[in-house]
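For reference, the structure discussed in these notes is given below.
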Amino acid sequence: MQRIDARVIQTYGIPRLLLMEHAGLALARHAQQLYQTRLGAPRRHHPIVICCGAGYNGGDGMAAARHLLARGFAVRVLLAARAARLREEPAVYAAILSRLGARPQEAPAAGASAWALKRLRPAGVVIDALLGIGMRGTVREPVVSLIAAMNRSGRPIVAADVPSGLDGDTGLPQGHAVRAALTVTFGAAKRGCLAARARPYVGRLVVEPITIPAQAMERA
Ligand SMILES: NC(=O)c1ccc[n+]([C@@H]2O[C@H](COP(=O)([O-])OP(=O)(O)OC[C@H]3O[C@@H](n4cnc5c(N)ncnc54)[C@H](OP(=O)(O)O)[C@@H]3O)[C@@H](O)[C@H]2O)c1
């Protein structure tokens, strides 16, 4: 999938920001459906809480936040990174969210689990966009604390691409992993997410094409 992503951008000239926008839109649609099933119309006191990492998976989450704001939801974005260190496309969304009054809140260096749990408890739905297919090795802080808080919150979680902490190739948790109700995966299902042992983490799996051209998929 990483090779396909690179080809889409380099061979077909489709900017990463466009893919992120479509990934965010797909995530927002699924989160909205889940929210409405539980609570009906958007309620101010029950926001959609979106946990974002420093990479492009986090960018997908912030793109979803913009769409959810436009659909009338209260949104809270928790960031497991320093906003100043975000890469180009995620930084674009972080800046937009700040201007829209939903500035991503940086997790503290100490006590991130309690900090996150406090913000997750009122959530109607949670989106997990901490780590996708770019995860390497055992999960590190503050992501560990945010995963623990999401799982403890008892709120339904929609995972972006791969549940954070789950190895997309093997389906094995790397120390800690999000237990999602639904995983919205982009382009194609990741092998590990199809393994029986991954089911408690993946939940229901839906594949969203996010406008990746068929030619790019065929040449994979
Ligand atoms: N073409 C596209 O743009 C496109 C298309 C479809 C989907 N996507 C999305 O992009 C995602 C991949 O983005 P990505 O390559 O930036 O990777 P990522 O999955 O967002 O993860 C990379 C980030 O996670 C951190 N990280 C890596 N391993 C970690 C660990 N064990 N513990 C804690 N933090 C860790 C990295 O920090 P360090 O750098 O400090 O290690 C880096 O900031 C996909 O899963 C999908 O959601 C992108």
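The values are calculated or read from the model by the stated rules, or taken from the named source; none is laboratory data. Predicted, not measured: the structure shown is a model, and the values here were computed from it. Cβ placement follows ideal geometry from the backbone for every residue including glycine, while neighbour counts extend to all protein chains displayed. Just the protein is used for accessible areas: all its heavy atoms, side chains included, with ligands, DNA and RNA removed. Shrake-Rupley method; radii C 1.70, N 1.55, O 1.52, S 1.80 Å.
Restricting attention to region 74-83, the residues that are part of a loop (DSSP other than H, G, I, E, B), within 16 Å of the ligand (Cβ to nearest atom) and surrounded by fewer than 22 Cβ atoms within 10 Å (Cβ to Cβ) total 2. Of all the numbered requirements in (1) within 9 Å of the ligand (Cβ to nearest atom); (2) assigned to a helix (DSSP H, G or I); (3) more than 15 Å from residue 213 (Cα to Cα), residue 35 misses one, and that requirement is (1). Being within 25 Å of residue 25 (Cβ to Cβ) and open to solvent by 30 Å² or more (accessible area, probe 1.4 Å) holds for only one residue in 133, 127, and it is 133. Considering 64, 80, 84, the condition of being modelled with pLDDT of 95 or more and within 18 Å of residue 186 (Cβ to Cβ) is satisfied by 64 alone.
Go through region 93-116 and report how many residues are assigned to a helix (DSSP H, G or I) and either of a type in the set (S, T, N, Q) or surrounded by 17 or more Cβ atoms within 10 Å (Cβ to Cβ) (or both). Count: 8. Consider residue 169 carefully, then state whether it is of a type in the set (Asp, Glu) and more than 9 Å from the ligand (Cβ to nearest atom). For residue 169, the condition - of a type in the set (Asp, Glu) and more than 9 Å from the ligand (Cβ to nearest atom) - is met. Residues of region 43-73 that are more than 14 Å from the ligand (Cβ to nearest atom), without any contact (Cβ under 8 Å) to a residue 40 or more places away in the chain and crowded, with 18+ Cβ neighbours inside 10 Å: 69 alone. Residue 157 meets all of the listed conditions (1) more than 10 Å from the ligand (Cβ to nearest atom); (2) over 15 Å from residue 27 (Cα atoms); (3) β-branched (Val, Ile, Thr) but one, namely (2).
Quick one: how many residues across region 11-20 are out of contact with any Pro (no Cβ under 8 Å at 6 or more places or on another chain) and more than 10 Å from the ligand (Cβ to nearest atom)? Number of matching residues: 2. Residues being free of Cβ contacts under 8 Å to residues at least 24 places away in the same chain and of a type outside the set (Gly, Ala, Ser): count how many of those fall in region 1-14. Final tally of qualifying residues: 2. Being open to solvent by 10 Å² or more (accessible area, probe 1.4 Å) and out of contact with any helix residue (DSSP H, G or I) (no Cβ under 7 Å at 6 or more places or on another chain) is the filter here; which residues of region 20-31 pass it? Residues satisfying the conditions are 22, 29, 30. Taken over region 148-167, the criterion of being touching an Asp or Glu at 6+ places or on another chain (Cβ under 8 Å) and free of Cβ contacts under 8 Å to residues at least 60 places away in the same chain is satisfied by 157, 159, 163.
Of all residues in region 137-192, those being touching a Leu at 6+ places or on another chain (Cβ under 8 Å), open to solvent by 20 Å² or more (accessible area, probe 1.4 Å) and of a type in the set (S, T, N, Q) number 1.
If you go through region 196-220 and keep only what is open to solvent by less than 30 Å² (accessible area, probe 1.4 Å) and touching a Gly at 6+ places or on another chain (Cβ under 7 Å), you end up with 198, 210, 212.
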